[in-house]
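Worksheet: the structure to be examined is printed underneath.
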Amino acid sequence: MIRATEVRGQHRWSEAPADNVVLDFDDRHRRRMTMTGTRGLAFLLDLEKAVALRGGDALVLEDGRLIEVVAAPEPLAEIRCNDPEHLVRVAWHLGNRHLPTQITAKGLRVRRDHVIEAMVTGLGARVIGIEAPFDPEGGAYAEPSHAHSLEAASRQHATHDHSSPDHSSRGHREHHHDHAHHDEDCDHDDGHGPSHAHAHK
């Protein structure tokens with residue numbers, strides 16, 4: 001089986017991919033696992049160490065072909081705050097619990113957890129249930145190309161017009177449900193079809 005032994009970060013490749021794999025957050029942090037792309041290309045991910053993959057990264061096969069990584073939509077809680085100071089305060093509490101957290105212009109995103117949702121609601125934040133790709137911060141030792149800025153997100157939050165609808169395109173549709181748990185299975189047609197991944201212990 002052909003192997004993928006290298007990762008190219010977002011915006012570091014421009015060739016047309018030979019295939020793509022749709023992976024959730026857990027399956028995007030692996031060192032060695034077999035994968036099958038949405039077009040049927042089977043390969044072995046075989047890296048020197050586990051890498052946190054992001055949507056838009058590319059896996060490089062031994063023959064030079066590329067496999068695009070697509071982040072699968074997942075049930076998430078989007079946490080909306082009143083102002084940048086409030087955002088930083090809530091983010092501190094999430095970080096204190098070592099929770100993987102994604103920072104966006106609208107607020108913070110974590111995986112659905114009723115205990116955490118109750119905590120941030122108690123801190124005055126608003127929780128909205130959504131389905132979207134989960135792309136949390138990589139931490140202090142993350143690869144520089146994968147780093148984000150809380151300061152930049154706070155600036156965006158401060159200048160964001162909360163009264164206007166969001167018309168941004170994220171590659172996948174995001175479904176919002178105020179305080180609603182999205183426990184049932186959803187049939188999402190993301191245009192990429194199924195992909196399969198099997199981890200090797």
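Quick check on my filter: what residues within the range 88-104 are open to solvent by 30 Å² or more (accessible area, probe 1.4 Å), in a loop (DSSP other than H, G, I, E, B) and out of contact with any Lys or Arg (no Cβ under 9 Å at 6 or more places or on another chain)? If the condition is that a residue be open to solvent by 30 Å² or more (accessible area, probe 1.4 Å), in a loop (DSSP other than H, G, I, E, B) and out of contact with any Lys or Arg (no Cβ under 9 Å at 6 or more places or on another chain), then ARG97, HIS98 are the ones that fit.
Residues that are in contact with a His (Cβ under 6 Å, 6 or more places away or on another chain) and open to solvent by 10 Å² or more (accessible area, probe 1.4 Å) were ranked within the range 71-87; the one that is farthest from GLY55 (Cα to Cα) is PRO84.
When the range 24-55 is filtered for residues that are hydrophobic (A, V, I, L, M, F, W, C) and closer than 26 Å to GLU137 by Cα, the ones remaining, listed by number, are PHE25, MET33, MET35, LEU45, LEU47, ALA50, VAL51, ALA52, LEU53.
Open to solvent by 10 Å² or more (accessible area, probe 1.4 Å) and touching a strand residue (DSSP E or B) at 6+ places or on another chain (Cβ under 9 Å): is that true of ARG65 in this structure? Spelling it out, ARG65 is indeed open to solvent by 10 Å² or more (accessible area, probe 1.4 Å) and touching a strand residue (DSSP E or B) at 6+ places or on another chain (Cβ under 9 Å). Checking each residue in the range 40-53 for being touching a residue at least 40 places away in the same chain (Cβ under 8 Å) and surrounded by 13 or more Cβ atoms within 10 Å (Cβ to Cβ) picks out PHE43, LEU44, LEU45, ASP46, LEU47, VAL51, ALA52, LEU53. Can you give me the number of residues within the range 120-157 that are at pLDDT 50 or above and buried (at least 16 other Cβ atoms within 10 Å of the Cβ)? So the answer is 14. For the residues VAL60, VAL110, the requirement of being within 26 Å of HIS11 (Cα to Cα) and within 20 Å of the chain's Cα centre (by Cα) singles out VAL110.
Would you be able to say whether some residue in the range 45-53 is closer than 30 Å to THR101 by Cβ, under 19 Å from the mean Cα position of the chain (by Cα) and not hydrophobic (A, V, I, L, M, F, W, C)? Among the residues of the range 45-53, not one is closer than 30 Å to THR101 by Cβ, under 19 Å from the mean Cα position of the chain (by Cα) and not hydrophobic (A, V, I, L, M, F, W, C), which makes the answer no.
The values are calculated or read from the model by the stated rules, or taken from the named source; none is laboratory data. This is a predicted model, so every value here is computed, not measured. Glycine gets a Cβ as well: all are built from the backbone with ideal geometry, and neighbour counts include every protein chain shown. Quick note on the areas: whole protein, heavy atoms, side chains included, nothing else; ligands and nucleic acids left out. Shrake-Rupley method; radii C 1.70, N 1.55, O 1.52, S 1.80 Å.
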